[in-house]
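Let me begin by presenting the structure, written as structure tokens, before commenting on it.
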Amino acid sequence: MRNFSYQNPTKLIFGKNTIAELANEIPQNAKVLLTYGGGSIKSNGVYDAAKKALGSRVVFEFGGIEPNPRYETCMKTLSIIKKEGIDFLLAVGGGSVLDGTKFIALAAKYQGEDPWDFMCGKASSPSEALPLASVLTLPATGSESNANFVISRDSTQEKFGGWSPLIYPKFSILDPETTYSLPVKQTANGIVDTFVHTMEQYLTFPEYAPLQDRWAESILVTLIEQGPLIIENPNDYNVRATLMWTATMALNGLISRGVPEDWTTHGIGHELTAFYGIDHGQSLAVVMPALWKNQFEKKKAKLAQYGNRVWGILSNKPGQEGKDDIANLAIEKTEEFFESLGVPTKLSGYGIAAAEAAEKISKRFEARGLTSERGLGENACIGPKEIREILCPKTL
């Protein structure tokens with residue numbers, strides 16, 4: 001196990017009727033900007049509960065943050081923040097609302113000309129940020145308990161992720177009842193997202209870190225077990241609570257400590273979303289199994305471990321031949337699981353031409369200087385050629 005450090009300052013408040021805790025957590029004299037998405041919080045009672053808990057505090061609102069939060073939308077908040085002297089941000093919604101709010105927290109303090117510069121690497125991240133907190137209504141991204149965020153820009157068809165220790169939420173409220181009204185599609189995407197987050201930190205190559213492996217495997221088993229249950233019965237509180245807590249644990253930084261990480265699936269998936277607008281979870285369901293097939297020789301040891309421990313796959317064949325069988329079956333089982341949730345695992349399932357996508361996305365990475373020798377993945381060996389083959393195996 002490698003050396004590591006771990007810090008997570010976010011306070012988590014979990015359970016029924018916990019939105020009322022806003023009254024105790026946000027300073028009474030704060031000027032609050034409440035951010036949200038498409039407005040579902042106003043029909044499911046979450047908005048009313050939050051407003052009631054905020055009491056007499058000065059509260060401004062900004063809605064319309066998209067499922068893939070847009071730079072152009074988030075930038076509209078800066079004039080409100082400056083004009084009204086906003087000093088606290090409250091994100092009420094899913095991971096996308098929280099991601100957008102994290103960007104806003106940094107952009108509001110950025111001293112340069114264009115905040116996009118610190119997203120695309122042209123400038124350093126700001127040295128200060130507005131404080132923020134969240135009321136989570138869609139478990140998936142783990143944003144409620146980490147310092148990560150992802151933003152898209154329409155004008156350039158780009159999507160970049162960021163990180164800053166300044167944007168850990170001060171606290172996050174997780175009430176599983178707020179997720180009852182989620183459409184099946186969003187619930188399924190959230191399960192896939194959580195699954196892939198776990199895999200990015202687990203399915204690399206063997207490292208002597210048995211506890212982290214078992215933590216990751218327990219998350220995967222839980223998702224496989226509980227995912228279908230919530231599709232069948234969306235109002236099962238215990239299952240909703242389990243999935244919400246599982247998503248948080250998948251990306252709060254704990255299971256990645258001391259082990260290699262991949263994140264290639266996310267890197268390629270972001271480009272699929274940027275070019276074609278498909279949901280984040282959908283892009284991950286397409287890329288991850290294809291990536292495993294492309295990188296099979298490098299990942300097969302961990303794939304076999306995953307197949308055996310998570311799916312219970314055994315083989316009658318001896319030695320490496322048997323392990324290869326388990327690894328291949330593990331990929332098949334994963335695709336079947338995503339498909340069972342209603343999330344297609346092929347680009348054709350979203351009406352996207354694989355050859356076109358492979359060409360566009362590989363060229364974008366090539367333009368950024370990526371090569372097979374200095375590339376993506378735990379082995380830094382995935383360059384434009386490999387990306388082209390992942391997205392369209394017949395394109396050589």
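Which one, Thr345, Ala274, Asn379, is farthest towards the positive end of the dipole of the stretch 184-391 when Lys and Arg carry +1 and Asp and Glu -1 on their Cβ?
Value: Asn379.
Arrange the following residues from fewest to most other Cβ atoms within 10 Å of their Cβ: Ile278, Ile231, Ile173, Ile104.
Details: Ile278 20, Ile231 16, Ile173 28, Ile104 33.
Listing Ile278, Ile231, Ile173, Ile104 from fewest to most nearby Cβ atoms yields Ile231, Ile278, Ile173, Ile104.
Are there any GluC sites (Glu not before Pro) in the stretch 251-342 that are in a DSSP loop and have at most 14 other Cβ atoms within 10 Å? List them by number.
Those that pass, being in a loop and sparsely packed, are Glu261.
HN-Hα J couplings of the stretch 78-94 from phi, Karplus 6.51/-1.76/1.60, θ = phi - 60°, integer Hz, Gly and Pro as x?
So the Karplus estimates, Gly and Pro as x, are 5, 5, 5, 4, 5, 5, 9, x, 4, 10, 7, 10, 10, 8, 10, x, x Hz.
What is the list of residues in the stretch 322-340 whose amide nitrogen lies under 14 Å from a point 7 angstrom out from the Cα of Val184, following Cα to Cβ?
339-340
Roughly how many whole Å is it from the C-alpha centroid of the stretch 194-214 to that of the stretch 352-366?
Taking the Cα centre of the stretch 352-366 as reference, the centre of the stretch 194-214 is 28 Å away.
For the stretch 184-391, with only Lys/Arg (+1) and Asp/Glu (-1) charged at the beta-carbon, what is the dipole magnitude about the Cα centre, in debye rounded to 20? Let's see the in-between values first.
Working: 21 positive and 27 negative charges, 59 e Å.
Computed about the Cα centre, the dipole is about 280 debye.
Counting Lys and Arg as +1 and Asp and Glu as -1, what is the net charge of the other residues whose Cβ lies under 15 Å from the Cβ of Phe205?
Net of charged neighbours comes to -1.
Whole Å is fine, so just give me how far the alpha carbon centre of the stretch 275-327 lies from that of the stretch 1-58.
Result: 38 Å between the Cα centres.
Report, ordered by chain and residue number, the lysines lying within cross-link reach of Lys323, taken as a straight Cα distance under 16 Å and ignoring same-chain residues fewer than 8 apart.
Straight-line reach from Lys323, under 16 Å: Lys293, Lys298, Lys299, Lys300, Lys302, Lys333.
Under a crude label model (7 Å from the Cα following the beta-carbon direction), how far is Ser348 from Glu332 in nanometres?
About 1.9 nm separates the two model spin labels.
For Thr137, what residues show an amide H to amide H distance below 5 Å, using hydrogens built from the backbone and excluding near sequence neighbours?
Excluding prolines and chain starts, which carry no amide H, the hits are Gly93, Gly94.
Can you work out the FRET efficiency for the pair Lys52 and Lys122, with r the C-beta to C-beta distance and R0 = 35 Å, to the nearest 0.05?
0.20
Please label the shape of the stretch 11-179 as rounded, prolate or oblate, based on the square roots a ≥ b ≥ c of the eigenvalues of the alpha-carbon gyration tensor (a/c under 1.5 means rounded; beyond that, a/b larger than b/c means prolate, else oblate).
On the way: a/c = 1.72, a/b = 1.47, b/c = 1.17.
Judged from the Cα gyration tensor, the stretch 11-179 comes out prolate (a/c at least 1.5, a/b above b/c).
Can you give the longest run of the chain that contains no chymotrypsin sites (Phe, Trp or Tyr not before Pro) sitting in a DSSP loop with at most 12 other Cβ atoms inside 10 Å? Show your work: numbers first, answer last.
Numbers: sites that count: Phe4, Tyr6, Tyr208.
That would be 7-207.
With an 8 Å cut-off on Cα pairs and a minimum separation of 6 or more residues, tell me the relative contact order of the stretch 247-396 in percent.
Reported as a whole number, the value is 23 percent.
If I take every Cα pair under 8 Å that is 6 or more residues apart in the stretch 11-179, average their sequence separation and divide by the length, what percent do I get for the relative contact order?
28
Amide H neighbours of Thr35 under 5 Å, counting only residues 5+ apart in sequence or on other chains, H built in-plane at 1.01 Å?
The list, which skips near neighbours in sequence, is Phe62, Leu90, Ala91, Val92.
Between Leu132 and residues 5 or more places away or on another chain, which pairs have amide H atoms under 5 Å apart, with H built 1.01 Å from N, and which residues are they?
Leu89, Lys170
Under unit Cβ charges (Lys, Arg +1; Asp, Glu -1), what dipole magnitude, rounded to 20 debye, does the chain have relative to its Cα centre?
So the dipole magnitude of the chain works out to roughly 500 debye.
Just so you know, all these numbers are worked out from the coordinates, no wet-lab data involved. Quick caveat, the model's predicted, so the values are computed rather than measured. Neighbour counts are summed over all protein chains in view; Cβ atoms, including those assigned to glycine, are modelled from backbone coordinates with ideal geometry.
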